[in-house]
Amino acid sequence: MGSFFKSKVKIISAALALGMAGAILLGACSNEDEVEETTTSSDVTTSTTTIETTPPTEPGLSERIPIEEMTEERYADLSNELQRWWYRVPEPLHQGVRAGIDDDIASLIGAYNAVWQLPPGKKTVYITMDEGYEMEGATPKILDTAKEKDFKIHFFITSGYIEDQPELVQRMVDEDHIVCNHSVWHKNAAECLDEEGVAGYIEEIRGANESFKNLTGQDFAPFFRPPEGAYSERALAVARDLGYYDVFWSFAYRDWVADEQPDPDEAMDKIMGQLHDGSVMLLHANSLTNAHILGDLVDRIRAEGYTIGSLTDELPAIAAGLDSTPVDTEEPAVGEVVSTTTTVTENHPTAAPEPEVVETTTTAASVAEQPAAETSDTTYVVQAGDTLWDIAVKLYPDEDPIAAMEAIAAANDEDDFESMYIFEGTPIQLP
């Protein structure tokens, strides 16, 4: 497999130039795109341990406890097990159905006032955009559209973006957009805590705010988007004690790859297909497709009766605790199709894409019905809970996972791995 895998590996040149070990991880949202660890919704178990924190009397960016008290000992009892953001794709599409997550995930993030989808009732959507690097004037066009159409965007930016694009960052501020924290070096939260401790993770967050404040004289809005959609209970607690609310998302798609931009019509259909009340939309501002369709997208969102809102207007409710109950908390019936959204991310401090959204389809099965693992040199029988990523990593541990998925897709006559659906109990061809 070595030679043809090598021919299909796609490497971000900027990451190479900086000499970064761009680890490709599963976990949610594209460009930061948002890609997370693939998991079926019924399999995730997460224990939640809550430590005392004192919420501010008025929601805003202010440390909830003195920084000197944010020690290793304070967070030692909180799990640093890596979690990756995912959500259930709303079905049926184009019906305003809300996204869903599992109860245990809702409880975990809810304990720390994290945001992923706002409660229904206001028919409002929230547009968020991640910024790690600039692409051919995409952001100026996006800002022009926002000004023309009179709506505000939540920009999550890194220190690298602030240093590279100070004029654009200042323009975001001057035009009253909500500018938010996306860290200094775009590090995976759990890995940063493991390798650099609480102090290192604090610096990832506070350092980005310092860069922003040095430029603009202002603090970020009190929202933090964890790079790669990667988080842990400990990471949630640290960010909250620093005065931030972690912001995940209930919509994302693969929009961040510079030389593989989605077709504008297909992108519009995908976004509108999952439009729902309370949606936190993750788009990438380095996407030329997004820059091109944004004006029409806003018109269509409004034509459906939605308004485009600001999370800052929801701060009192966020601070009090949102109801992030999943749409459907029942276990799926045997044979029921369950769709999940995951993300694959190239981890790079400033130029990496965010999580890549990969839609996978699995069917629920009872334990007794789950087939034994079967594989040969040419076929593999999909197991309950398998995703294409899982199969690639399991069968080809020494290969690049993205390249492995592409090769498997090609062996099954699919154009690319994103268009390949797998079903538990059925065989797939191997390269």
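The values are calculated or read from the model by the stated rules, or taken from the named source; none is laboratory data. Quick caveat: nothing in here was measured; it's all calculated off a predicted structure. Methodologically, a virtual Cβ is constructed for each residue, glycine included, from the backbone with ideal geometry; neighbour enumeration extends over all protein chains shown.
A few comments on the model shown:
- In the stretch 229-254, the residues that are under 15 Å from GLU191 (Cα atoms) and among the basic types (Lys, Arg): ARG234
- Within the stretch 201-238, the set of residues being assigned to a loop (DSSP other than H, G, I, E, B) and either closer than 20 Å to SER79 by Cα or touching a residue at least 24 places away in the same chain (Cβ under 8 Å) (or both) comprises GLN218, ASP219, PHE220, ALA221, PRO222, ARG225, PRO226, SER232.
To keep it simple, each residue is scored yes or no on (1) assigned to a strand (DSSP E or B); (2) in contact (Cβ under 8 Å) with a residue 60 or more places away in the chain.
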residue	(1), (2)
ARG240	no, yes
GLY243	no, yes
ASP246	yes, yes
TRP249	no, yes
ASP255	no, yes
VAL280	yes, yes
ASP296	no, no
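- Among the residues of the stretch 154-168, those that are surrounded by fewer than 18 Cβ atoms within 10 Å (Cβ to Cβ) and touching a residue at least 24 places away in the same chain (Cβ under 8 Å) comprise GLU163, ASP164, PRO166.
- When ASP164 is tested against (1) modelled with pLDDT under 95; (2) over 16 Å from TRP249 (Cα atoms), only condition (1) is not met.
- Candidate set from the stretch 112-153 (those that are polar (S, T, N, Q) and within 23 Å of GLU304 (Cα to Cα)); member that is surrounded by the fewest Cβ atoms within 10 Å (Cβ to Cβ): THR124
- For PHE156: the one exception among (1) over 26 Å from ASP194 (Cα atoms); (2) modelled with pLDDT of 95 or more; (3) of a type in the set (Phe, Trp, Tyr): (1)
- Test: GLU260 is at pLDDT below 95 and either of a type in the set (A, V, I, L, M, F, W, C) or closer than 29 Å to ASP104 by Cβ (or both): no
- Subset of the stretch 225-255 that is of a type in the set (D, E, K, R) and farther than 17 Å from ILE101 by Cα - its residue that is farthest from the chain's Cα centre (by Cα): ASP241
Residue-by-condition table, conditions (1) touching a Leu at 6+ places or on another chain (Cβ under 8 Å); (2) aliphatic (A, V, I, L, M); (3) on the phi < 0 side of the Ramachandran plot:
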| residue | (1), (2), (3) |
| --- | --- |
| PHE212 | no, no, yes |
| LEU215 | no, yes, yes |
| PHE220 | yes, no, yes |
| PHE223 | yes, no, yes |
| ALA235 | yes, yes, yes |
| ALA239 | no, yes, yes |
| TRP249 | yes, no, yes |
| ALA252 | yes, yes, yes |
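- Condition check for TYR126: at pLDDT 95 or above, part of a loop (DSSP other than H, G, I, E, B), among the aromatic types (Phe, Trp, Tyr) and within 24 Å of ALA319 (Cβ to Cβ): no
- Looking only at the stretch 207-231, and only at residues there that are under 17 Å from TYR245 (Cα atoms) and of a type in the set (A, V, I, L, M), the one that is surrounded by the fewest Cβ atoms within 10 Å (Cβ to Cβ): ALA221
- Filtering the stretch 58-79 for residues that are modelled with pLDDT of 95 or more and either in contact with a Lys or Arg (Cβ under 6 Å, 6 or more places away or on another chain) or part of a strand (DSSP E or B) (or both) leaves a non-empty set.
- Residues satisfying the stated conditions in the stretch 83-123, i.e. within 25 Å of GLY243 (Cα to Cα) and part of a strand (DSSP E or B): GLN83, ARG84, VAL115, GLN117
- Total residues in the stretch 129-148, condition part of a loop (DSSP other than H, G, I, E, B) and either without any contact (Cβ under 8 Å) to a residue 60 or more places away in the chain or farther than 15 Å from CYS180 by Cβ (or both): 5
- The single condition among (1) modelled with pLDDT under 95; (2) within 23 Å of ARG84 (Cβ to Cβ); (3) buried (at least 18 other Cβ atoms within 10 Å of the Cβ); (4) of a type in the set (A, V, I, L, M) that VAL327 does not satisfy is (3).
- Among (1) assigned to a loop (DSSP other than H, G, I, E, B); (2) surrounded by fewer than 24 Cβ atoms within 10 Å (Cβ to Cβ); (3) in contact (Cβ under 8 Å) with a residue 60 or more places away in the chain - the single one GLN261 does not satisfy: (3)
- When GLY273, GLY243 are checked against the criterion of being under 29 Å from VAL198 (Cβ atoms) and of a type outside the set (Asp, Glu), GLY243 stands alone in meeting it.
- From the list LEU282, LEU297, the one residue that fits, being among the hydrophobic types (A, V, I, L, M, F, W, C) and closer than 30 Å to GLY207 by Cβ, is LEU282.
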